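Have a look at the structure below before the remarks.
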Amino acid sequence: MKTLLKNCKIVNHNNITEGNILIDGDTIASVSAKADEKADKVIDCGGKYVVPGLIDLHVHFRDPGLEYKEDITSGAKAAVAGGVTAACPMANTKPVNDNRVITEYMINKAKKDGLIDVFPIGAVTKGMEGEELTEMGDMTDGGAIGFSDDGKPVMTAEVFRRACEYASQFGAMVISHAEDKSLAGAGVIHEGEVAAITGLKGIPSECEEVMVARDILMSKLTGAHVHICHISSKGTLELVKWAKSMGYNVTCEVTPHHFTLTEKELLTYDTNAKMNPPLRAQEDMDAMIEGLKNGDIDCIVTDHAPHHPDEKAQEFDLAPFGITGIQTLLPLSLALVDKDVIDMKDFVRLTSYTPARLINKSDRGEIAPGKLADIVVLDTELEYVFDEKLNRSKSVNTPWMGKKLKGAALYTIKSGNVVFEFPK
Amino acid sequence: MAYKRKDLLGMKDLTKEEILYLLDTAQKFTEINERDVKKVPTLKGKTVINLFFEPSTRTRTSFEIAGKRLSADTINFTASASSTTKGETLLDTVHNMEAMRPDIFVVRHQFSGSVKYIAENTDVHVVNAGDGLNEHPTQALLDMLTIRQAKGDLNGLEVAIIGDITHSRVARSDIWAMPRLGINLRLFGPSTMIPKHHEVFGCRVCKNMQEAVEGADVIIMLRIQRERQGKLLVPSTKEYAKFFGLTKDKLALAKKDALVMHPGPINRGVELMSNVADSDQSGVLKQVSNGVAVRMAALYILGIGSNKGGYDENAS
């Protein structure tokens, strides 16, 4: 089957060209096809931006075990509605993804649905207990692209060191959710002005920074690729910049909520603004934006963390951390383009090109002949209210529910198939 | 009517006029408490449920007496904050109570923001009897009433709050309310118990006990809650008493007629020495008496029923 995308403004990380994209099967055949090229399906993109499918390195699809919040199918539906064609689910499923069977289960379930590719992140330690290493070699063979104990960070430096040494041998990165649990204590929001005002217990930025510093030094010690999750503080960014300047193998990611919102959201005790790491101060948010502008931050991810409405409708302290985000990644990132913080090429680099490189998938992240036909046609000007009708996730725990957004995926194409069209 | 809100959730958003109205109303009620027959029919036929998700005897008793003196039917409902383990959410509990058609909930909860959360999800009037570390508005009102009775005008008074500021809902309510009436507040305590971003309070934070006490008109000593904070924040009660406790000597640095207050219960010999607590400068028991009057005022203002519909969601 051949599909022709006519009148595209094709955006890659390094250039923007105008042309017609011919897809043959699951592969891009040409980006300079003739406008009247014979194809089974023709989409006229009308000069709109066309970008490589977004790759979200940090999601929670809750499958297996917590399917009442999300499952791989609903997560994938939300993903393609947000222009995401590949996602990396974290290992904190039930049971934990600490073995090849679960890794392959995730991959195969997504494959069967045919909406997105799933590249699981395996657990660093068995049961995320922080003690014994998982079978990282076997899991990598099964398709895991990195290892992380996510929200239960490895607190023992030696275990983290051995994990770095072992994972890197199989070409997988170690992904660090940097948080010193002992310093976080019973904290529920950023320890800033709003914590002082609201009486909500604080989590200081240093809680993240102290672990970022350790994990950078473990990368130095072992040479392993350490990827720092969802950075949220100015200090963390400074540490990552230092690590990079020293030539250590360290990269990092930021979420849209950390470059869009601040602790001020918590003045109303809104549990849909409760996440970990927490929304921080204005200067931290400004630093995230600066980091994206300067290229110090490698990629944008969502930390898509669905929770059932009943779980969020609780006392603030009891409500779980996390917000959904896979469907708002696009508009919130495009807002940076609107504000001239980054340009469209940067947008592609941050959401697709670099993520593909970080997980060693050279078949994607670019619109070029021979690459996988994972493509998104954007309408960067489209304004809409993000409501429960548009929402494809099983959960609605996002501060953007009912809010006006700008920019959306008109068509999402996965391996040559149109898997999403923006509802008319 | 100078108070049009549906609820009394905290002092943070109240105007000077609203605070004064509450204080003036409370002052009127103090007289009832001195009568031989301490009961007026004002809230006859009204139902007040004391919804306590955190153990409390004094505050609950104070509210219960306040309700009874106004002839309201007061019912105590004590629930564990972890009622979710029993399968019932906080809102389910509240809605069950609401179905019995009470007029006022008096709510205490161990988590900050939870009383506001309840108030936003019920049509019943809500009085905050303490939520987590956030606010305890009736305590701030009784503090101010006690000060006003002793000192007259509040404007320009020097008031010190000493102790665990970070974990004190009493401190927060005082901090929002007192400066609004012209009080100059200063704070002091172990640095482990002063919020990192205390600048949002707009109060002077003192370096030592001398500075905190010097020239003060009123000294509010906070209870050190060792059962909650463990030993990490203060190494020992002995050390606390030495550096942060109010002794006769330290009190001598304050104004001659300085008033000493404490929200209770007192740890004698720790934050407050017995010869200070029992001296004629102590306003501690007066505070307890005023607590009933203040709570009568709160129940009265919300309970007479003219506030429904006038609730401004943005105002609290």
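Before moving on, here are some points about what is shown:
- Placing dummy labels 7 Å off each Cα toward the beta-carbon, the span from A:K220 to A:T17 is 4.3 nm.
- Full-stretch length increase - B:D280, B:K207 - with 0.36 nm per residue and alpha-carbon distance subtracted: 23.5 nm
- With an a/c value of 1.5 or above and a/b larger than b/c for the gyration tensor axes a ≥ b ≥ c computed over the alpha-carbon atoms, the range A:360-424 is described as prolate.
- Cα-centre dipole for chain B with unit charges at Cβ (Lys and Arg positive, Asp and Glu negative), debye to 20: 480
- Projected over every direction and averaged, the convex hull enclosing the alpha-carbon atoms of the range A:54-358 yields 13.8 nm².
- List B:K238, A:K181, ordered by accessible area with a 1.4 Å probe, largest first: B:K238, A:K181
- For the range A:340-417, applying the loop criterion from DSSP together with a ceiling of 13 other beta carbons within 10 Å to the trypsin sites (Lys or Arg not before Pro) yields A:K389, A:K403.
- Choice from A:C45, A:C299, A:C88 showing the highest fluctuation, given a GNM over chain A with Cα pairs closer than 10 Å: A:C45
- Diffusion constant of chain B at 20 °C, which comes from Stokes-Einstein with the Kirkwood Cα-pair radius and 1.002 mPa s, µm²/s: 108
- Most fluctuating residue given options B:I32, B:I224, B:I301, as computed from a GNM of chain B linking Cα atoms under 10 Å: B:I32
- Cα→Cβ-extended label distance, 7 Å offset, between A:K339 and B:I75, nm: 5.1
- Low-density loop cleavage sites - trypsin sites (Lys or Arg not before Pro) in the range A:1-65, where at most 14 other Cβ are within 10 Å (DSSP): A:K34, A:K38
- The protein assembly as shown shape via C-alpha gyration tensor axes, a/c threshold 1.5: prolate
- For the range B:1-70, the residue among B:S56, B:P41, B:F29 whose Cα projects farthest onto the positive side of the dipole built from Cβ charges is B:P41.
- Hypothetical label at B:A2: residues of the range B:8-25 whose amide nitrogen lies under 16 Å (7 Å Cα-Cβ projection): B:14-25
- Stretched out straight at 0.36 nm per residue, the stretch from B:K16 to B:N96 would grow longer than its current Cα-Cα span by 25.2 nm.
- Pairs of Lys residues in the range B:137-287 that lie 8 or more places apart, or on two chains, and have C-alpha atoms under 15 angstrom apart add up to 8.
- Rounded to the nearest 20 debye, the dipole size of the protein assembly as shown about its Cα centre is 1680 debye, using +1 on the Cβ of Lys and Arg and -1 on the Cβ of Asp and Glu.
- Only one residue of A:T380, A:N360, A:T398 has its Cα farthest out toward the positive end of the dipole of the range A:348-406, where Lys and Arg carry +1 and Asp and Glu -1 on Cβ, and that residue is A:N360.
- Distant alpha-carbon pairs in the range B:137-287 (separation over 17 angstrom), percent: 56
- Simple spin-label estimate for A:K406 and A:N294 gives 2.7 nm between the two label positions (7 Å along the Cα-to-Cβ direction from each Cα).
- Given charges at beta-carbon only (K, R positive; D, E negative), |dipole| of the range B:137-287 in Debye: 340
- When chain A is treated as a Gaussian network with alpha carbon springs shorter than 10 Å, the biggest mean-square fluctuation among A:D374, A:D149, A:D270 belongs to A:D270.
- Cleavage-rule hits, GluC sites (Glu not before Pro), the range A:301-384, DSSP coil, Cβ neighbours within 10 Å at most 11: none
- Degrees between helix B:16-30 axis and first principal axis of chain B (Cα, 0 to 90, nearest 10): 80
The values are calculated or read from the model by the stated rules, or taken from the named source; none is laboratory data. Bear in mind the structure is a predicted one, so any value in this text is a computation, not a measurement. Heads up, the Cβs are rebuilt from the backbone with ideal geometry, glycines too, and the neighbour counts pull from every protein chain shown. Accessible surface areas use protein heavy atoms only, side chains included; no ligands, DNA or RNA. Shrake-Rupley method; radii C 1.70, N 1.55, O 1.52, S 1.80 Å.
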